[in-house]
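Right, one structure below, let's go through it.
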């Protein structure tokens, strides 16, 4: 899985794939400056497991995500976008043949020991997880706890 997602197709770009010279994908920050992402060695089309969104990911040799190239309605639409940037990539796509159920099962196994002890959410589904004494609590549960404490105490003086 990449980025908490199920890989629907991936491509390792070889010497037969020609970079168009423009990716329309920018990396960096507004304060430090943005630059156009150049050629990358790997692409993946993924389905985000929580939302079902399809995304085109630009990755390095280790499959670490460098950038997200947009959201798409279909795998074919994402492949067509990739082909415009990487001419010849159409011949490189591989279908990993992983079902949504298999991906969800794998995700649950990987994160099984890291669930929030209160609500059961997994780390990829939350912003912050605090751990201690073999227990974990997520930011959403902390916020609920804080709200309950405020209601029990009454208005602040």
For the chain, modelled as a Gaussian network with Cα springs under 10 Å, which listed residue fluctuates most, 34, 104, 13?
-> 34
Residue-span extension gain [residue 71 to residue 127] - 0.36 nm each, minus C-alpha spacing | 18.0 nm
Among 70, 132, 38, residue whose mean-square fluctuation peaks in a GNM of the chain (springs only between Cα atoms under 10 Å) = 132
Among [x] 1.12; [y] 0.97; [z] 1.02, which one is Rg/Rh (Cα atoms, Kirkwood Rh) computed from these coordinates?
-> [x]
Estimated inter-spin distance, residue 26 and residue 104, nm [label 7 Å along Cα→Cβ] | 3.8 nm
Please give the helix 139-153 orientation as an angle from the longest Cα principal axis of the chain, in degrees from 0 to 90, rounded to the nearest 10.
-> 20 degrees
How far, in nm, would the chain grow between residue 97 and residue 135 when pulled straight, counting 0.36 nm per residue and subtracting the alpha carbon separation?
-> 10.1 nm
To the nearest 10 degrees, how steeply does helix 75-85 sit against the main Cα axis of the chain, on a 0 to 90 scale?
-> 60 degrees
Between residue 113 and residue 14, what length comes free when the chain is fully extended (0.36 nm per residue of separation minus the Cα-Cα distance, one decimal in nm)?
-> 31.8 nm
Förster-model FRET efficiency, 22 Å R0, residue 151 and residue 50, C-beta, rounded to 0.05 = 0.15
When the chain is treated as a GNM, springs tying every alpha-carbon pair under 10 Å, which of 67, 11, 135 comes out with the largest mean-square fluctuation?
-> 135
Calculated from DSSP H runs of 4 or more alone, at -39500 (n - 2.57) each and per residue, what is the 222 nm mean residue ellipticity of the chain, nearest 500?
-> -7500 deg cm²/dmol
How high is the FRET efficiency between residue 60 and residue 143 when r is their beta carbon distance and R₀ equals 41 Å, given to the nearest 0.05?
-> 0.70
Roughly speaking, what is the centre-to-centre gap between segment 70-103 and segment 107-157 when only Cα atoms are used, to the nearest Å?
-> 36 Å
Give the Rg/Rh ratio for segment 25-84, taking Rg as the radius of gyration of the Cα atoms and Rh as the Kirkwood radius, to two decimals.
-> 0.99
Sorted by mean Cβ packing within 10 Å, highest first, what order do the peptides 39-48, 145-154 take?
-> 39-48, 145-154
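Values quoted throughout were computed directly from the atomic coordinates according to the rules given, and no laboratory measurement underlies them. As the structure is a prediction and not an experimental result, all values here were calculated from the model. Reconstructed Cβ throughout: ideal geometry from the backbone, glycine too, with neighbour counts over all protein chains shown.
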